[in-house]
Amino acid sequence: MEHILSWIRRRRPGASATATQRNEQDTPEILSGLLEGKTCGAPLCAVFQNSDARSEDYDAFRFVPRPGHADFTAYIKTDGANDFRGGGHYSGRLMAPLVFAGALCAQLLEREGIALGAHIHSIGPIADTPFDPVHTTKEQLLAVQQAPFPAVDAEKGKRMQARILEAAGRHDSVGGVVECCILGLPAGLGDPIFDGLENRIAQAVFGIPAVKGVEFGDGFAAACASGSTNNDAFYYEGNTVRTRTNHNGGILGGHATGMPVLFKAAFKPTPSIGIEQESVDLSTGEPARIRVSGRHDPCVVPRAVPCVEAAAAVALYDLLLGGKR
Ligand SMILES: Cc1cc2nc3c(=O)[nH]c(=O)nc-3n(C[C@H](O)[C@H](O)[C@H](O)COP(=O)(O)O)c2cc1C
């Protein structure tokens, strides 16, 4: 539980200067499945109660959807029956249970010699030191998980925080990129075509609200490379086949190569901003203007780092168990 709680704390709102000032403690209440710190074989069920909800903040979006948020699509999908309070089913709050499950899966993966960790790759133009695609160690992944702000380079982390606060000062928001590294996956893990390692991880990561892109290895940049620079040459280290470089992010044909698996998730800027924007009133059919007040993250990226780790951990453990979607 200590390990699970440490992951949950990293996602918690109100924990840092750059996060929303909603102050949820996010302490899971275990209803079943755990006795004296050990799983007991019954389904593990944890509940996160809202302790700091202000549902009235969302009344204004019931018929006037926030641009960039899911208010409009949820309204259409449910014929207006959607629970709009707090963003309902589309809230970043839904990630608390995912982080719980992901932290648990990460412990199970560790028993198989698999470690994973993520950091903020960039906020706007400010980029952290990326993970080394060949030599990243478990200790480096743990160090960034334990850092007060999830950047490898603390100085860059400070600049990122300043950039987020500067956007917040203008009642605006910023996006960014999270990079995740997975160590210890056995070569061959995964399947071709629809159930590949890339597919399974991407499906889970796209479940995180505000993710608009996922790339593996050099990703989109590989489209500008040539075969001679993008191919990762093989060599033997003892009996193990390794690659000199890792442009392919540790995946070939949907299977792990045995090298670190690296992927990035692009997060858009938080939709709820305090700048007036154009919208529509779905109850009258008239044009409308909207300025979002309330307590929102000026940037979701710092709190999304453990969500990315959790999504990857759930997908990987499921894959190891042989689970099909
Ligand atoms: C950890 C986390 C916190 C978030 N906090 C907010 C927030 O405070 N305000 C907001 O408008 N969106 C927030 N979002 C993003 C929205 O939930 C998301 O943009 C919305 O559901 C629409 O989904 P889409 O962007 O994936 O299309 C957050 C996302 C995450 C992952």
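Evaluate the Debye formula for the stretch 50-165 with equal point scatterers sitting on the alpha carbons, no solvent, and hand back log10 of I(q)/I(0) at q = 0.10, 0.16, 0.21 Å⁻¹, in q order, two decimals.
Computed log10 I(q)/I(0) values: -0.51, -0.96, -1.08.
If contacts are Cα pairs under 8 angstrom and at least 6 residues apart, what is the relative contact order of the stretch 198-287 in percent?
30 percent
Counting each pair of different Cα atoms once, what's the Kirkwood radius of the stretch 244-304 in Å, rounded to one decimal?
Computed over Cα pairs of the stretch 244-304, the Kirkwood hydrodynamic radius comes out at 15.8 Å.
Using the structure shown, list the pairs from 38/212; 138/264; 158/264 with a Cα-Cα distance above 27 Å, or answer none.
Too far apart for the 27 Å limit: 38/212.
When the scattering of the stretch 121-182 is computed by the Debye formula from its Cα atoms alone, each counted once and equally, what is log10 I(q)/I(0) at q = 0.11, 0.15, 0.26 Å⁻¹?
Here the Debye-derived log intensity ratios amount to -0.27, -0.48, -1.12.
Write down the radius of gyration of the stretch 203-285 and its Dmax, each obtained from C-alpha positions, in Å.
20.2, 72
Using a Gaussian network model of the chain whose springs link C-alpha atoms within less than 10 Å, name the residue from 287, 269, 148 with the highest mean-square fluctuation.
Maximum fluctuation in the GNM of the chain, among the listed residues, is at 287.
Semi-axes of the equivalent ellipsoid for the stretch 1-115, please: Cα gyration tensor eigenvalues, times 5, square-rooted, ordered largest first, whole Å.
For the stretch 1-115, the ellipsoid semi-axes come out as 32, 16, 14 Å.
For the stretch 57-97, I need the span (max minus min coordinate) of the C-alpha atoms along each principal axis, in Å, sorted largest to smallest.
On the principal axes, the stretch 57-97 reaches 28, 21, 17 Å in Cα extent.
At a probe radius of 1.4 Å, what is the per-residue accessible area of residue 160, in Å² to the nearest 10?
0 Å²
Can you tell which of 117, 147, 30 lies farthest toward the positive end of the dipole of the chain, using +1 and -1 charges on the Cβ of basic and acidic side chains (Lys, Arg; Asp, Glu)?
Of the listed residues, the answer is 147.
Short version: what are the Cα gyration tensor semi-axes of the stretch 159-204, square root of 5 times each eigenvalue, largest first, in whole Å?
They are 37, 13, 5 Å, listed largest first.
Under 13 Å from the 7 Å Cα→Cβ point of residue 138, by amide nitrogen: which residues of the stretch 168-203?
183-185
Quick one: give the max-minus-min coordinate of the C-alpha atoms of the stretch 166-317 along each principal axis, largest first, in Å.
For the stretch 166-317, the Cα extents along the three principal axes come out at 68, 28, 25 Å.
Only Cα pairs under 8 Å and at least 6 apart count here; give the relative contact order of the chain as a rounded whole percent.
Relative contact order, the chain: 25 percent.
Just how large is the dipole of the chain about the Cα centre, in debye to the nearest 20, putting +1 at every Lys and Arg Cβ and -1 at every Asp and Glu Cβ?
Using only the charged Cβ atoms, the result is roughly 220 debye.
Hey, with R₀ at 35 Å, roughly what FRET efficiency would residue 30 and residue 78 work out to, going by the Cβ-Cβ distance, to 0.05?
Efficiency for this residue pair is about 0.65.
Taking every pair of distinct Cα atoms and averaging 1/r, then inverting, what Kirkwood hydrodynamic radius in Å comes out for the chain?
21.0 Å
When only Cα pairs under 8 Å and 6 or more residues apart are kept, what is the percent relative contact order across the stretch 12-148?
14 percent
Calculate, in nm to one decimal, what residue 54 and residue 241 gain on full extension: separation in residues at 0.36 nm each, minus their alpha carbon distance.
My answer for the length gained is 61.8 nm.
The values are calculated or read from the model by the stated rules, or taken from the named source; none is laboratory data. Being a predicted model, the structure only gives us computed values, none of them experimental. When we count neighbours, we look across all protein chains shown, and the Cβ atoms used for this are built from the backbone with ideal geometry, even at glycine. The accessibility values were calculated without ligands, DNA or RNA, using every heavy atom of the protein model including side chains. Shrake-Rupley method; radii C 1.70, N 1.55, O 1.52, S 1.80 Å.
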